[in-house]
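In what follows, a single structure is set out as structure tokens and then discussed.
The values are calculated or read from the model by the stated rules, or taken from the named source; none is laboratory data. Just so you know, these numbers come straight off a predicted model, no measurement behind them. Glycine also receives a Cβ, built like all others from the backbone with ideal geometry; neighbour counts cover every protein chain displayed. Protein only, heavy atoms only, side chains kept; ligands, DNA and RNA dropped before computing areas. Shrake-Rupley method; radii C 1.70, N 1.55, O 1.52, S 1.80 Å.
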Amino acid sequence: MSIDRLCWFAWLCVCAINWQSATAAEGRFEVEQGETSLQVNLNGKPLATYVWSDPKTLRPYFAHVRTPAGIQVTRNHPPREGQDATDHAELHPGLWMAFGDISAHDFWRNKGTVRHASFVEPPRADEHGAAFAVRNAYVAEGQTVCEEVCRLRFDDAPSGYFITWDSTFSGPRAFYFGDQEEMGLGVRVATPIAVEQGGHIVDSQGRIDEEQVWGQVAKWCDYRGKIDGHAVGVLLMPDPTNFRPSWFHARDYGVLVANPFGRNAFTKQDKSKVQIAPGEQVRFRFGVLVHEGDTDPAAAYATWLKRVKAID
């Protein structure tokens, strides 16, 4: 068995232990797979739809992410006229990982295609969580620039559920990650919780909203607000073992991106170029908490770190 598969098995074992103390998303997780997407459910109700083939958004993403109670925390995809802001309709599908510069190719703005190649681990689910792993090819100008093995995991959390997004990149030829705002793990929140509609952005340093949070490094950043009187939000948590801390590209209109590649974009320092040689790998891991009710982001971050550190 490969090291990657052993690590993934260890992760499942650790999660099984930790799930015993989880309290919020009680019930059974399920996965329904279609031809171009799969839906993760809890007790028969949808949590999120993972789409790997879309003629307009040329990269995988989660759309219509919901709390266990069914409240949608990401913007409608596509956005609805008269209900949602309609900017970046094909670029902000919900929850996604994308890069505006990989070896000068733009996979954020759909100038290249992130092509689903296969399932490395088939989807599976039980009463505690759901998991699957995919292999993606980053294709531009008829050539594969690099490949990604992406492991995705849903599991219970005290005020909702965690999504762990764990990606490893490699390539047959040298490639690099450039320096832009539009790089990393992003979320477009539901319109009612955007700061412009009364929501708030809060980071681990106590900074609030775009004016204070944009371009700052933080351990975590939470986009939160109320929908029909219910407190909900999406918490982004870069893994501190990533090669570099993340700056946060935070906008009051509803987008939040954890970005470890924007040194020049955010600080005006020398441009970053993260180069990967043939045969080498680079790994990025992020946690997401989809939450409802009374949520302590710092405590949730500590819980998530304890789970992922146990397998490292």
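For this structure, a couple of remarks:
- Some residue of the stretch 241-249 being over 23 Å from P93 (Cβ atoms), open to solvent by 40 Å² or more (accessible area, probe 1.4 Å) and among the β-branched types (V, I, T): yes
- Within the stretch 166-204, the residues that satisfy the criterion of being among the polar types (S, T, N, Q) and touching a helix residue (DSSP H, G or I) at 6+ places or on another chain (Cβ under 9 Å) are T168, Q180, T191, Q197, S204.
- From the options D84, D101, residue that is closer than 25 Å to H230 by Cβ and buried (at least 16 other Cβ atoms within 10 Å of the Cβ): D84
- Residues satisfying the stated conditions in the stretch 266-312, i.e. open to solvent by 80 Å² or more (accessible area, probe 1.4 Å) and outside any loop (DSSP other than H, G, I, E, B): Q275, R283, K306, K309
- Counted residues, the stretch 176-212 - those being part of a strand (DSSP E or B) and either β-branched (V, I, T) or open to solvent by less than 40 Å² (accessible area, probe 1.4 Å) (or both): 12
- Filter result (over 24 Å from A137 (Cα atoms), polar (S, T, N, Q) and touching a strand residue (DSSP E or B) at 6+ places or on another chain (Cβ under 7 Å)) within the stretch 54-104: T67, Q72, T74
- Residue match in the stretch 221-231 (condition: under 23 Å from S167 (Cβ atoms), at pLDDT 95 or above and among the charged types (D, E, K, R)): yes
- The stretch 17-55, subset modelled with pLDDT under 95 and among the small types (G, A, S), residue farthest from R75 (Cα to Cα): S21
- Counted residues, the stretch 71-103 - those being more than 24 Å from H116 (Cα to Cα), outside any loop (DSSP other than H, G, I, E, B) and in contact with a Gly (Cβ under 8 Å, 6 or more places away or on another chain): 0
- Residue match in the stretch 106-129 (condition: in contact with a strand residue (DSSP E or B) (Cβ under 9 Å, 6 or more places away or on another chain), among the polar types (S, T, N, Q), at pLDDT 95 or above and crowded, with 19+ Cβ neighbours inside 10 Å): no
- Within the set P238, P260, the sole residue that is in contact with a Lys or Arg (Cβ under 6 Å, 6 or more places away or on another chain), under 30 Å from R173 (Cβ atoms), surrounded by 15 or more Cβ atoms within 10 Å (Cβ to Cβ) and not acidic (D, E) turns out to be P260.
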